[in-house]
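The values are calculated or read from the model by the stated rules, or taken from the named source; none is laboratory data. If you're wondering where the values come from, they're calculated on a predicted model, not measured in any experiment. Here the Cβ is made from the backbone with ideal geometry for all residues, glycine too, and neighbour counts use every protein chain on show. What goes into the accessible areas is simple: the full protein's heavy atoms, side chains included, and nothing from ligands, DNA or RNA. Shrake-Rupley method; radii C 1.70, N 1.55, O 1.52, S 1.80 Å.
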Amino acid sequence: MNYKHGMAKGRRKPPTPEYSAWAAMKSRCSNPDVEQYQRYGARGICVCERWQDFMAFYEDIGPRPSPHHSLGRVDNEGHYGPGNCRWEDSAQQNTNKRSHRRLTHKGISMTLGQWARETGIPGNVIGWRLLKDWPVSVILERPVRKMAQYK
């Protein structure tokens with residue numbers, strides 16, 4: 001195959017990182033034989049019509065900023081398409097996992113780990129308070145008032 005954009009795998013050079021990310025995205029959303037399909041295509045995650053074409057994908061997402069970036073979705077339950085995808089570093093990718101517990105306080109939603117960094121309260125303390133069914137407003141306060149009233 002001869003590709004006009006020159007980013008696909010050729011006889012003499014490997015595909016670009018952007019092309020590889022695009023091909024992997026399409027594969028995990030549409031190919032049941034791919035291991036990751038269960039977490040993407042089987043859950044109904046799909047690639048928008050526009051991004052079926054690599055050049056449209058590249059126009060929207062742009063070049064990968066660094067070798068430390070990979071394709072990620074802003075809304076982990078949303079589809080692949082403009083407005084919901086970006087290049088993310090590993091810290092952003094780790095924050096955007098379905099397994100992470102998110103807490104919303106004063107209109108701000110962050111993961112437990114992000115709240116720990118923001119408040120200075122250790123993550124295991126926040127987790128313990130969640131297990132005890134404390135109100136989120138109290139969980140994220142430091143120092144804590146009288147603990148006995150929240151047990």
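Cβ-Cβ contacts under 7 Å between residues 6 or more apart (or on different chains), taken from a first residue in segment 43-55 that is more than 17 Å from Asn31 (Cα to Cα) and open to solvent by 40 Å² or more (accessible area, probe 1.4 Å) to a second residue that is of a type in the set (Gly, Ala, Ser) and assigned to a helix (DSSP H, G or I), are listed as Arg50/Ala56. Residues that are open to solvent by less than 40 Å² (accessible area, probe 1.4 Å), in contact with a helix residue (DSSP H, G or I) (Cβ under 8 Å, 6 or more places away or on another chain) and under 19 Å from Glu88 (Cα atoms) within segment 56-69 comprise Phe57, Ile61, listed in sequence order. With respect to Asp89, determine if the residue is surrounded by fewer than 14 Cβ atoms within 10 Å (Cβ to Cβ) and either modelled with pLDDT under 90 or of a type in the set (Phe, Trp, Tyr) (or both). Here the answer is yes, as Asp89 does meet what is asked. Only a single item in (1) in a strand (DSSP E or B); (2) open to solvent by 40 Å² or more (accessible area, probe 1.4 Å) is not met by Gly72, and it is number (2).
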